[in-house]
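Asker: Before I ask anything, let me first share the structure, which is written out below as structure tokens.
The values are calculated or read from the model by the stated rules, or taken from the named source; none is laboratory data. Please read these numbers as outputs of a predicted model, since none were measured by experiment. All Cβ positions, even for glycine, are placed from backbone atoms using ideal geometry, and neighbour counts span all protein chains on display. Just the protein is used for accessible areas: all its heavy atoms, side chains included, with ligands, DNA and RNA removed. Shrake-Rupley method; radii C 1.70, N 1.55, O 1.52, S 1.80 Å.
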Amino acid sequence: MKRYLVTGSYGQIGMDLIPAMLKRYGKENVIATGRKKINPVFKELDVIYRRLDIRDQYGLRSLLVEYDVDVLIHNASVLSATGERNPQLAHSINFEGFYNALEATRELNLEQLFAPSSIAAFGPTTPLVNTPNTTIMEPTSIYGISKVYVELMGNYYNQKYDLNFRSLRYPGVLSPEEPGGGTTDYAIWIFYEALKNKKYECFLGSDVRLPMMMMSDCLKSTFDLIEAPEDKLQHRAYNVTGMSFTPEELANAIKEYISDFEITYKPDFRDAIARSWPQSLDDSVAREEWGWDPEFPFDKMVIEMLDGVSKKLGISY
Ligand SMILES: NC(=O)c1ccc[n+]([C@@H]2O[C@H](COP(=O)([O-])OP(=O)(O)OC[C@H]3O[C@@H](n4cnc5c(N)ncnc54)[C@H](O)[C@@H]3O)[C@@H](O)[C@H]2O)c1
């Protein structure tokens, strides 16, 4: 069995990824890392957890050696909205952090480096409807620029050093877990506010269509790509998606369950970011090369999110 180390494991995705990895790969083969102290969920699960700031290249290397790691999953990142508030921080964590992960993978000859990209890697000059896997990538946010860096450097190390780099361009990922400061976060907070206060002020305009996927599909795509045989892969980074919707469409779907729910719109700087991103993604390359097949449609997502968030808040609907 291979050994896996995950950076930024405390984040929205890590909180679901780590428990799923424990089941799949065994407790002794998963090392979760993060900047903060171990959280109660990981403690309860008896996860191997070590503190690591990804900018600490020596700390990263010594953990990879200590646990004899084969696959590095690099999730630590500053997300889009937080990045626009502090581009210097985003630069140091997203660029230097990824470079440390890349160099450690090369120097220690690890079997694989997986690092997520994002729909943020695209920009206003990209064809925004049914965005193809290979197209113009001229993002305008520091976060998006850092994801293009991840993809291009990963590709470069693959060609130059035969480093097994793999990446997925996740759309907005939906789960009852609190999100980490991205532009698609509205699609999670709307459920919290609908259940708590029956109203939500959306920071995007009513008509901003964005691609999204449920967490279970995000994890499925991640495991499918990490475990895909190398000879199937013609690319290093892949579009994946589950659905696309606007805030208005999501609000209408929530109203079917909470009839007095009200939404208002007060677009801020995140509206401009969102409008520069794809409205929908063409993920046929992932489907063809390694059999990507999402399982979660929009209607099922709405029920799952209402159930999950109401359980978290202890509020029924
Ligand atoms: N959640 C989404 O909708 C989404 C969409 C597209 C791509 N992604 C990508 O998936 C990955 C995980 O995203 P997420 O939603 O879990 O993000 P998140 O913000 O919830 O979690 C990121 C984690 O990185 C940690 N981190 C920040 N700086 C660090 C540092 N210097 N050293 C170590 N850890 C540090 C944070 O503490 C946090 O726990 C990221 O690369 C993100 O860009 C996420």
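Asker: Straight-line reach from Lys266: which lysines fall under 18 Å, measuring Cα to Cα and dropping same-chain residues less than 8 apart?
Answerer: Lys198, Lys199
Asker: Per residue, how large is the accessible surface of the stretch 161-317? Use a 1.4 angstrom probe and give square angstrom.
Answerer: 41
Asker: Provide the gained length on full extension for the span Thr264 to Glu249, in nm with one decimal, where the gain is 0.36 nm per separating residue minus the Cα-Cα distance.
Answerer: Answer, rounded to one decimal: 4.1 nm.
Asker: Tabulate in residue order the Karplus-calculated ³J(HN,Hα) for the stretch 287-294, using 6.51 cos²θ - 1.76 cosθ + 1.60 with θ = phi - 60°, rounded to whole Hz; enter x for Gly and Pro.
Answerer: Each residue of the stretch 287-294 in turn: 5, 6, 7, 9, x, 4, 8, x Hz.
Asker: While we're on this one: Quick one: give the max-minus-min coordinate of the C-alpha atoms of the stretch 50-192 along each principal axis, largest first, in Å.
Answerer: 42, 34, 27
Asker: Rounded to whole Å, give me the distance from the Cα center of the stretch 1-63 to that of the stretch 67-133.
Answerer: So the two Cα centres are separated by 17 Å.
Asker: Here's something else I'd like to know. Taking amide H positions as placed 1.01 Å from N in the peptide plane, with prolines and chain starts having none, which residues 5 or more places from Cys202, or on another chain, fall under 5 Å of its amide H?
Answerer: Thr264, Tyr265, Lys266
Asker: Residue by residue through the stretch 200-212, which ³J(HN,Hα) values in whole Hz follow from phi under the Karplus form 6.51 cos²θ - 1.76 cosθ + 1.60 (θ = phi - 60°), with glycine and proline marked x?
Answerer: 8, 9, 8, 7, 10, x, 4, 9, 7, 8, 9, x, 9
Asker: Can you order the peptides 36-49, 278-291 by their average number of other Cβ atoms within 10 Å per residue, highest first?
Answerer: 278-291, 36-49
Asker: Ok, one more. Determine the calculated [θ] at 222 nm for the chain from helices alone, applying -39500 (n - 2.57) to every DSSP H run no shorter than 4 residues and normalising by the residue count; nearest 500 deg cm²/dmol.
Answerer: So the helix-based figure for the chain works out to -12500 deg cm²/dmol.
Asker: Something else: Using a 1.4 Å probe and counting only protein heavy atoms, arrange His91, His74 so the residue with the most accessible area comes first.
Answerer: Listed by decreasing accessible area, they come as His91, His74.
Asker: May I ask which residue of Ile254, Pro171, Phe191 lies farthest towards the positive end of the charge dipole of the stretch 166-281, with charges of +1 (Lys, Arg) and -1 (Asp, Glu) on Cβ and the Cα centre as origin?
Answerer: My answer, from the dipole projection, is Pro171.
Asker: Calculate how many DSSP beta bridges within the stretch 126-267 are antiparallel, expressed in % of all such bridges and rounded to the nearest 5.
Answerer: 25
Asker: Would you kindly compute the Cα radius of gyration of the stretch 1-126 and its largest Cα-Cα separation (Dmax), both in Å?
Answerer: Both quantities, over Cα of the stretch 1-126: 14.6, 47 Å.
Asker: I've got another one for you. Report the charge-dipole magnitude of the chain in Debye, nearest 20, computed about the Cα centre from +1 at each Lys and Arg Cβ and -1 at each Asp and Glu Cβ.
Answerer: The calculated dipole for the chain is roughly 780 debye.
Asker: Roll a 1.4 Å probe over the protein heavy atoms and report the accessible area of Glu201 in Å², nearest 10.
Answerer: 110
Asker: May I have the pair-distance distribution P(r) for the stretch 6-51, computed from all Cα-Cα distances with 10 Å bins from 0 and rounded to whole percent?
Answerer: Taking every Cα pair in the stretch 6-51, the percentages come to 31, 64, 5.
Asker: A further question follows. Can you give the translational diffusion coefficient of the stretch 196-315 in µm²/s, computed by Stokes-Einstein from the Kirkwood radius over Cα pairs at 25 °C and 0.890 mPa s?
Answerer: Approximately 151 µm²/s, per Stokes-Einstein.
Asker: Separate question: Leaving out ligands, DNA and RNA, what percent of the accessible area of the chain is carbon and sulfur, probe 1.4 Å?
Answerer: With neighbouring chains kept in place, the figure for the chain is 48 percent.
Asker: Does the stretch 121-203 come out rounded, prolate or oblate, given a ≥ b ≥ c as the square roots of the eigenvalues of its C-alpha gyration tensor, rounded meaning a/c under 1.5 and, failing that, prolate meaning a/b above b/c?
Answerer: Verdict is prolate for the stretch 121-203.
Asker: Please list, ordered by chain and number, the residues whose modelled amide H lies under 5 Å from the amide H of Met214; skip anything fewer than 5 residues away on the same chain.
Answerer: Leu174
Asker: Another one. Along its principal axes, what span do the Cα atoms of the chain show, with the longest given first and each in whole Å?
Answerer: For the chain, the Cα extents along the three principal axes come out at 57, 46, 38 Å.
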